[in-house]
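Asks: To start, I am sharing the structure in question, which I have written as structure tokens.
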Amino acid sequence: MKTIEDLDVAGRRVFVRADLNVPLSDGRITDDGRIRAVAPTIAKLVQAGAKVIVASHLGRPKGAPDPQYSLAPVAGRLGEILGTSVAFATDTVGESAKATVAALANGEVTLLENLRFNAGETAKDDAERGAFADQLAELADLYVGDGFGAVHRKHASVFDLPARLPHAVGDLIATEVGVLKRLTEEVERPYVVVLGGSKVSDKVGVIDNLLGKADRILIGGGMAYTFLAALGHEVGISLLQKDQIPTVLEYLERGKANGVEFVLPVDVSISAFFPDTKTHAPVPDFEVVAADEIPADKEGLDIGPKTRELFAAKLADAKTVFWNGPVGVFEHPTFAEGTKAVAAALLASDAFTVVGGGDSAAAVRILGFDETKFGHISTGGGASLEYLEGKTLPGLAALEG
């Protein structure tokens, strides 16, 4: 894949497909990690004298403008990070976009409105998607793909547009691919994987592939209760995917056969009520029980103190760690201890540590950890997982062409 250094960008309109899909609350950005991650690529293009056109999606609008998914707040924050004003186009390929791009001087930046406000961006029909890509291509001379969190999507701005313009990868994607190769092709052992999050079904493919690569797989979060149920334990009203129990049993057997150690919670923090993660109201019935003693009317919401110690011990000698998914409801202080413990154990180890995007990356920042102390914090949870599953990612394939 070509890099920015392979392109002559001075004085030319460069379309940068970023991933600025940041969380918003009442129109305010609650985690700007993805904006900061792509800023160095944009800054490099600015310094080289390019006319930079940044584009991204945000949320899941239904192919039409929706104010709650506007990228307007992102334009302001991007400008603050870059230390320069960022013009904002109020549409994607309409009059505002054309006028804003036409007004760009060398070294200036504009951000287009949410790409998914146009149905062509996510269309399943190749012709409809291609027609939108044609409109986007008219705005630019060159294309730089740097939205790693979107490269697993066959969308117009990710898959079709690179075929229409000379293209290269940005620094963020180049870094992400290099890191993922260290997790799949150049692994230093022991290799420990920590998987959390709510659903086993979200991690089926990655577990399947890692059974031939990892030395240990630590299971936490909501998905742990399907594993515990597969072992015959009562899990109360905890998150449970009964249809995944046969798959889990198969993975446990394959783990034994392949010498891969599965590490499950030995105790859990429980409550009868899901905590209020906005007000952080106290949880009066919070208690810790053994993982095989969850009452029928209670829900597991975090790993317990013994499990935190167990996980830390299993991470202590690791040389490579991949962590995807918080191991508890970290948004509430009562149930954040497990996720804090995992993050702390990663920092205490000598391993090359990769935090695999999504909620786990947000947790690191929200819980106050210095993200620069980790080996790498990914910007693409779903894309990272699909890469680790061994899938071909459409956006990367397009950039290789």
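Asks: Write down the radius of gyration of the range 197-238 and its Dmax, each obtained from C-alpha positions, in Å.
Replies: 11.1, 33
Asks: Going by C-beta contacts inside 10 Å, put Val109, Val144, Val158, Val289 in order with the fewest on the left.
Replies: Placing the least packed residue first, the sequence is Val289, Val109, Val158, Val144.
Asks: Also: What span do the alpha-carbon atoms of the range 256-401 cover on each of the three principal axes, reported in whole Å from largest to smallest?
Replies: Principal extents (largest minus smallest coordinate, Cα): 57, 39, 29 Å.
Asks: If I histogram all Cα-Cα distances within the range 143-193 using bins 5 Å wide from 0, what percent of pairs lands in each bin?
Replies: In whole percents, the pair-distance histogram is 5, 19, 22, 19, 14, 10, 6, 4, 1.
Asks: Rounded to whole Å and sorted largest first, list the principal axis extents of the Cα atoms in the range 263-309.
Replies: Sorted from largest, the Cα extents of the range 263-309 read 32, 24, 14 Å.
Asks: Sticking with this one: Which aspartates and glutamates have a Cα lying under 12 Å from the Cα of Lys314, excluding residues fewer than 8 positions away in the same chain?
Replies: Asp215, Glu261
Asks: Here is a follow-up. Which value in Å is the Kirkwood Rh of the range 95-151 over different Cα pairs?
Replies: After inverting the pairwise mean of 1/r, the radius is 12.9 Å.
Asks: Take the eigenvalues of the Cα gyration tensor for the chain, scale each by 5, and report the square roots as semi-axes in whole Å, largest first.
Replies: Semi-axes, largest first: 40, 22, 19 Å.
Asks: Going by C-beta contacts inside 10 Å, put Leu396, Leu195 in order with the fewest on the left.
Replies: Leu396, Leu195
Asks: Let me ask something additional. Over the range 339-401, what is the relative contact order in percent, taking alpha-carbon pairs closer than 8 angstrom and at least six residues apart?
Replies: Computed value for the range 339-401: 31 percent relative contact order.
Asks: Given Cα positions, please report Rg to Rh for the range 1-123, the hydrodynamic radius being the Kirkwood one.
Replies: Across the range 1-123, the Cα-based Rg/Rh ratio is 0.95.
Asks: If you build a Gaussian network model of the chain, linking Cα atoms that sit under 10 Å apart, which residue out of Thr92, Thr175, Thr279 swings the most?
Replies: Thr279
Asks: Anyone know which of Ile303, Ile53, Ile237 comes out most mobile in the 10 Å Cα GNM of the chain?
Replies: Greatest mean-square fluctuation among the candidates belongs to Ile237.
Asks: To the nearest 20 debye, what is the magnitude of the charge dipole of the chain about its Cα centre, counting +1 on the Cβ of each Lys and Arg and -1 on the Cβ of each Asp and Glu?
Replies: The calculation lands at about 560 debye.
Asks: Run the helix sum for the chain: -39,500 (n - 2.57) per DSSP H stretch of 4+ residues, divided by residue count, reported at 222 nm to the nearest 500 deg cm²/dmol.
Replies: Value at 222 nm, helices only, nearest 500: -10000 deg cm²/dmol.
Asks: So how do Tyr387, Tyr69 line up by other beta-carbon neighbours within 10 Å, fewest first?
Replies: Result, fewest neighbours first: Tyr69, Tyr387.
Asks: Further, regarding this structure: Using the alpha carbons of the range 110-225, what is the convex hull volume per residue in cubic angstrom, as a whole number?
Replies: About 153 Å³ per residue, rounded to a whole number.
Each reported figure results from applying straightforward, stated rules to the coordinates on display, with no laboratory input. Remember, it's a predicted structure, so these values are computed and weren't measured experimentally. Cβ sites come from the backbone with ideal geometry, for glycine too, and all protein chains shown count toward neighbours.
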